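Asker: One structure, as structure tokens, below. Some questions next.
Nothing in this text is a laboratory measurement; each read-out follows from the coordinates by a stated rule. No experiment lies behind these values; they were computed from the predicted model shown. Note that each Cβ is placed from the backbone with ideal geometry, even for glycine, and that neighbours are counted across all protein chains shown.
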Amino acid sequence: MKFTQPKLPYAQDALAPVISPTTIEFHYGKHEKAYIDTLNKLIEGTEYEDMPLEEIITKSDGKLFNNASQAWNHIFYFFQFSPDGFKEPSGKLREQIEKQYGSLEEFKKQFEEAGVGIFGSGWVWLSTDSNGQLFISQGKNAENPMTQGLKPILVFDVWEHAYYLDYQNLRASYLHKLWDIVDWAIIEMRYEG
Ligand code: MN
């Protein structure tokens, strides 16, 4: 079975000026495509060939893990955005954020700080466990919290290729601006699903 790159659910210029069409062209069109192409080559004729992507991520390591996880992480990242999504969470997720972090603003601040604090390339994650508890975590390189038994619900990419064309070295500005395009309806669906 070959993995295919899903088409984005919005136009290439829909997330501007937060994420420019050029960044989407390179980040999704070239970087993400390369991870999927490499993944397909690595699994061909192996025990991983017919596994779902999540199973490959939890069972592999090295180059295969890196490409499988990066393939999954980027789809998760790009499919949480919308130019006209829900700007704030509601329901159970809103309650849990306020219970654990005091307010949505304080949660965003801690999430951004975790992203700024990653040395080198990686991802800042919000995940949940089977009790609905929330966890902010820093993942280096391709790391994904599903390998620790958690369910990811939100992620910001802090590899330089995610922001350098639009923000140059200003990672903190990029992370802060991403909230403008996060569709909280999608994050809530992931939390409750
Ligand atoms: Mn990336």
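Asker: From Cα pairs below 8 angstrom and at least 6 apart in sequence, can you work out the relative contact order of the chain, rounded to a whole percent? Don't jump to the answer; show the numbers that get you there.
Answerer: Numbers: 263 pairs, mean separation 49.2, N = 193.
In percent, rounded to a whole number, it is 26.
Asker: Just list whichever of 63/87; 2/92; 59/92; 30/140; 33/63 have alpha carbons separated by over 27 Å in the model shown.
Answerer: Table pairs above 27 Å Cα-Cα are 63/87; 2/92; 59/92.
Asker: Turning to a different aspect of this structure: Enter the Cα centre distance for the pair segment 14-29 and segment 131-155, rounded to the nearest angstrom.
Answerer: 25 Å
Asker: Taking a quarter of the surface of the Cα convex hull of segment 15-78, what do you get in nm²?
Answerer: Average projection, Cα convex hull of segment 15-78: 4.4 nm².
Asker: Would you work out which of 79, 39, 62 lies farthest towards the positive end of the dipole of segment 38-96, given +1 charges on the beta-carbon of Lys and Arg and -1 on that of Asp and Glu, about the Cα centre?
Answerer: The Cα lying farthest towards the positive end belongs to 79.
Asker: Could you pull the Rg and Dmax for the chain, using just the Cα atoms, both in Å?
Answerer: That works out to 16.3, 50 Å for Rg and Dmax.
Asker: Please give, to one decimal in nm, the separation of the simple spin-label points placed at residue 168 and residue 129, each 7 Å out from Cα toward the Cβ.
Answerer: Distance between label points: 4.4 nm.
Asker: Right, another one. May I ask you to order 91-100, 142-151 by the average number of other C-beta atoms within 10 Å around their residues, highest value first? Could the numbers behind the result be given before it?
Answerer: Values: 91-100: 14.9, 142-151: 16.9.
Ranked by mean Cβ neighbours within 10 Å, highest first: 142-151, 91-100.
Asker: Can you tell me which aspartates and glutamates have their Cα less than 20 Å from the Cα of residue 7? Leave out same-chain residues fewer than eight positions away.
Answerer: Excluding near neighbours in sequence, the set is 25, 32, 37, 54, 84, 157, 183.
Asker: Please compute the modelled spin-label separation between residue 25 and residue 7, points set 7 Å along Cα→Cβ, answer in nm with one decimal.
Answerer: 1.9 nm
Asker: Under 8 Å for C-alpha pairs, at least 6 residues apart: give me the relative contact order for segment 74-168, rounded to a whole percent.
Answerer: So the answer I get is 26 percent.
Asker: So, one more: Using alpha carbon centroids, what distance separates segment 41-56 and segment 79-102, in Å?
Answerer: Centre-to-centre (Cα) distance: 34 Å.
Asker: Across segment 33-45, in residue order, what do the Karplus-derived ³J(HN,Hα) couplings come to in whole Hz, using 6.51 cos²θ - 1.76 cosθ + 1.60 with θ = phi - 60° and x for Gly and Pro?
Answerer: Rounded to whole hertz, the list is 4, 5, 4, 5, 4, 5, 4, 4, 5, 5, 8, 4, x.
Asker: What 222 nm value per residue comes from the helices of the chain, counting each DSSP H run with n ≥ 4 as -39,500 (n - 2.57) and dividing by all residues, nearest 500 deg cm²/dmol?
Answerer: On the way: 9 runs with 86 residues, N = 193.
So the helix-based figure for the chain works out to -13000 deg cm²/dmol.
Asker: Quote to one decimal, in nm, the extra length available between residue 161 and residue 63 on full extension: 0.36 nm per residue of separation minus the C-alpha distance between them.
Answerer: 33.3 nm
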